[in-house]
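To keep things clear, I will list the structure first and then write my remarks on it.
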Amino acid sequence: MNTVADPLPQFDQVDALIKSIRIPPRPSLLADMQRELASEDPSPDAIGKIVASDVGMSGALLKLANSSIYGGRRKAKSIEQAILFLGINQVAAMMTGLLARQAIPANSASLASFWDTSTRRAQAMVFLARRLRIGEPDVVHTFGLFCDTGVPLLIERFADYAATYAAASLEAERPFTALEEERHQTSHAAVGCLLARNWGLSGDVGWAILHHHDVGVLGDEATSGAVRSLVALSLLAEHALCRYQGHAESLEWNKGGAAACAYLGLSDDETAELLDELAEAFHEE
């Protein structure tokens, strides 16, 4: 009788690897917010009480809400006003990001600016999404914050991952995730997707995290427009961040910028104008 090689050992190995990576549990405040948002008639008062239950969160949320990136001519003086000006979904997205910052370790020297960069990316993506009238701001914001959350989790898991990440950052042609998968049999995109699912984030956010270094997805009509829009916006935001930080070029933009602009229907002049507007908004903060 012919026998077929059992594929289970390979799956067992991958499963064991995933289980060895510490995925932080979903914060209870996030679970409370998600339950309220999932109700038939979400209450701004109920969301306000959840936010106000943590003094540190309240202050951080107000600071974010009054950032020029979020279009605030009106300045919120209370959580209630922030919810009124921004809407409960955007406030919940901001809270999700603040909770992530508490739950996910980013304490090593190589991650000194991790959350600052993630926050700036999320702000940039919301700015771009509003200018282009594409996507829902709260979904865009959440994706911008979470797309690289696999990085600190992999640094915690693998002693040599920081070196892998640094080397992958210099890949001029291959996808960023290629070297990660070669050395560690997983990538920050895959781990970030797993975190998003465990935390109950939207499916579009999870899929976009998984594919945010996959330029080919922009031309894949089988992939939802929401996911492709998030990936395209993230490339624009990455390019803007590099310019803001004074870097000569963005290798990720070199790999996928043209495809992102084509997907979003942007000419070179329109792209340059958008990036100039975004840079001005950054400097106004």
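The values are calculated or read from the model by the stated rules, or taken from the named source; none is laboratory data. What you are looking at is a predicted structure, and each value in this text was computed from that prediction instead of being measured. With ideal geometry, Cβ positions are generated from the backbone for all residues, glycine too; neighbour counts draw on all protein chains shown. Remember, those area values only see protein heavy atoms, side chains included, never the ligands or the DNA or RNA. Shrake-Rupley method; radii C 1.70, N 1.55, O 1.52, S 1.80 Å.
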Flagged pairs (Cβ under 8 angstrom, 6 or more apart or on separate chains; first in the stretch 251-274, more than 25 Å from Ala168 (Cβ to Cβ); second small (Gly, Ala, Ser) and open to solvent by 40 Å² or more (accessible area, probe 1.4 Å)) are none
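Rundown of residues vs (1) part of a helix (DSSP H, G or I); (2) surrounded by fewer than 17 Cβ atoms within 10 Å (Cβ to Cβ), yes/no style:
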{"position": "Ile69", "(1), (2)": "yes, no"}
{"position": "Gln81", "(1), (2)": "yes, yes"}
{"position": "Phe85", "(1), (2)": "yes, no"}
{"position": "Met95", "(1), (2)": "yes, no"}
{"position": "Pro105", "(1), (2)": "no, yes"}
{"position": "Ser110", "(1), (2)": "yes, yes"}
{"position": "Phe127", "(1), (2)": "yes, no"}
{"position": "Gly135", "(1), (2)": "no, no"}
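Of everything in the stretch 22-34, what is modelled with pLDDT of 90 or more, touching a helix residue (DSSP H, G or I) at 6+ places or on another chain (Cβ under 7 Å) and not in a helix (DSSP H, G or I)? Give them in sequence order. Explain how you work it out, then say what you get.
Residues of the stretch 22-34 that are modelled with pLDDT of 90 or more, as a first pass: 23-34.
From what's left, touching a helix residue (DSSP H, G or I) at 6+ places or on another chain (Cβ under 7 Å): 23-24, 26-27, 29-30, 32-33.
Listed by number, the residues that qualify are Ile23, Pro24, Arg26, Pro27.
Do we find that Ala172 is part of a helix (DSSP H, G or I) and either farther than 13 Å from Phe146 by Cα or among the hydrophobic types (A, V, I, L, M, F, W, C) (or both) in this structure?
Numbers: part of a helix (DSSP H, G or I): no; either farther than 13 Å from Phe146 by Cα or among the hydrophobic types (A, V, I, L, M, F, W, C) (or both): yes.
The answer is no for Ala172.
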Note on Ser58: of the conditions (1) open to solvent by less than 30 Å² (accessible area, probe 1.4 Å); (2) in contact (Cβ under 8 Å) with a residue 24 or more places away in the chain, unmet is (2)
